[in-house]
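Down below is the structure, laid out as structure tokens.
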Amino acid sequence: MKIFLDTANLDEIRKGVEWGIVDGVTTNPTLIAREKAPFKERVKEICQLVKGPVSAEVTALDWKGMVEEAKELAKIDEHVVIKIPLTPDGIRAIKALSYEGIKTNATLVFSPMQAILAAKAGATYVSPFIGRVDDVSSDGLKMLEEIVIIFNNYAFDTEIIAASIRHPMHVVEAALMGVDIATMPFTVLEKLFKHPLTDIGIERFMKDWEEYRKIMGGE
Ligand code: G3P
């Protein structure tokens, strides 16, 4: 499973990249706005750091506007993937961009049917938002599982990005389903490291090592 960071914050991306476990980044207008940085420059900086797929979202709502914006964003860096909302215009734009070899990520996907449309239009990635489905008292992981089954049934090339991840168990469940990618906030990535027995284990090893060094005369 590939790990993407769902952030536009350079410090977070830098840390994840330094750990050697971050394969890509996803952004959206909210995440970009939070950073208060110029959009295109920030996308370029992220691409230079991660050297993997970086999703940048269009803000036009009509398909022609989406395609125009996508072409401009694609010029920023070879790693840019164009994030496009799952609307009729969005699907038309994804189809047009896939003909031109421009990579796309169908976003704001909340149902298996929407995911099928994205795959049929030739999206490179599809992003089901599991946390936001949970937020409305429905089952985000069930939706994700259904998408995985359907994509396997038809051997669709579109890769599934489990998005709107809120906690480590979302990541574990997505991995058990064989989802291609999980995109997560930096705080969730940090939590993946955590286990109390790891901390207790280190503490005990260090204590025993100190005792050993004392007995061995500092060797
Ligand atoms: O980037 C899209 C998605 O991951 C947003 O997550 O937490 O705002 O629902 P969230």
key: Nearby aspartates and glutamates by direct alpha-carbon distance to Lys40 (threshold 14 angstrom, same-chain neighbours under 8 apart not counted)   = Glu57, Glu69, Glu72, Asp77, Glu78
note = Comparing Arg166, Arg34, Arg42 in a Gaussian network model of the chain (Cα, 10 Å), the one with the largest mean-square fluctuation is Arg34
query = Hey, if we sort Met216, Met206, Met143 by accessible area with the 1.4 Å probe, largest down, what's the order?
reply = Met206, Met216, Met143
task = Wrap a convex hull around the Cα atoms of the chain, take a quarter of its surface area, and give that in square nanometres.
result = 14.9 nm²
Value of relative contact order over the chain, rounded to a whole percent, pairs C-alpha under 8 Å and six or more apart = 17 percent
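Send over a whole-number figure in Å² for the accessible area per residue of the range 108-176, probe 1.4 Å.
Details: 3250 Å² over 69 residues.
I get 47 Å² per residue for the range 108-176.
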task = May I ask you to give the percent of accessible area on the range 2-193 that is carbon plus sulfur, with a probe radius of 1.4 Å?
result = 54 percent
Counted charge near Ile147, where neighbours are those whose Cβ lies closer than 12 Å (Asp, Glu -1; Lys, Arg +1) = -3
Value of Rg/Rh across the range 52-158 [Cα atoms, Kirkwood radius] = 0.98
Under 12 Å, Cβ to Cβ, from Gly201 - net charge with Lys/Arg +1 and Asp/Glu -1 = -1
remark   = Checked against a 21 Å limit on the C-alpha separation, the offending pairs among Lys51/Lys103; Lys15/Lys71; Lys71/Lys95 are Lys15/Lys71
request  = Select from Asp23, Asp62, Asp199 the residue whose mean-square fluctuation is largest in a Gaussian network model of the chain (Cα-Cα springs shorter than 10 Å).
outcome  = Asp199
ask   = So what are the range 109-219's ellipsoid semi-axes, whole angstrom, largest first, if each one is the square root of 5 times an eigenvalue of the alpha-carbon gyration tensor?
value = 44, 15, 10
inquiry  = Of the candidates Lys120, Lys207, Lys95, which one comes out as most mobile in a Gaussian network treatment of the chain with C-alpha springs shorter than 10 Å?
reply    = Lys207
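The values are calculated or read from the model by the stated rules, or taken from the named source; none is laboratory data. As the structure is a computational prediction, the values presented were derived from the model and not from experiment. FYI the Cβ positions are ideal-geometry reconstructions off the backbone, even for glycines, and counts take in every protein chain you see. Surface accessibility is based on the protein's heavy atoms, side chains included, excluding ligands, DNA and RNA. Shrake-Rupley method; radii C 1.70, N 1.55, O 1.52, S 1.80 Å.
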